[in-house]
Amino acid sequence: MDACPRCQTSLRPDAKFCPECGTQVHVQPVHAELVETRAAPRSNLPSPWSAALLSIIPGLGHWYAGAPKRGLIFFVAIVGGELLGIDFDLTLIGDIVGIPLGVGATGLWAFCAVDAYRTAARRRAESA
């Protein structure tokens, strides 16, 4: 006769559980094969073209590309002045930043799309 490994109660030979404490006495062996599956790696990296396209709304492409502060700066620079009725001299800002903005907010908006593209491309290159 076997004894329970937990409470040492004597067991019948065909018992699967101890009648006193409920411990499983005989464990059935498991025969199985391990099947290895590999899921395709999921890319959470931003697409440069999507970032540029999202820049139709100034700053949204940067937000998508992982640079939300930069996107907020572009949004405020392009849309903020219009909403507040303040007319910025964008040529002065362009000279400071190093981009030609003689065409005004349209030039800054175009640069916003290009910069969002470059930001997303840089993030992809850094993770590779």
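Any read-out appearing in this document is the output of simple, stated calculations on the displayed coordinates, not a laboratory observation. What you see is a predicted model; the values in this text were computed from it and never measured. All Cβ positions, glycine included, derive from the backbone under ideal geometry; neighbour counts span all protein chains shown.
Taking the average, over residues, of other Cβ atoms within 10 Å as the packing measure, peptides 2-12, 55-65 rank 55-65, 2-12 from highest down.
Here the label points at Val79 and Ile57, each 7 Å from Cα along the C-beta direction, are separated by 0.6 nm in the simple model. With each label modelled as a point 7 angstrom along the Cα→C-beta vector, the Ser127-Ser50 pair spans 1.0 nm.
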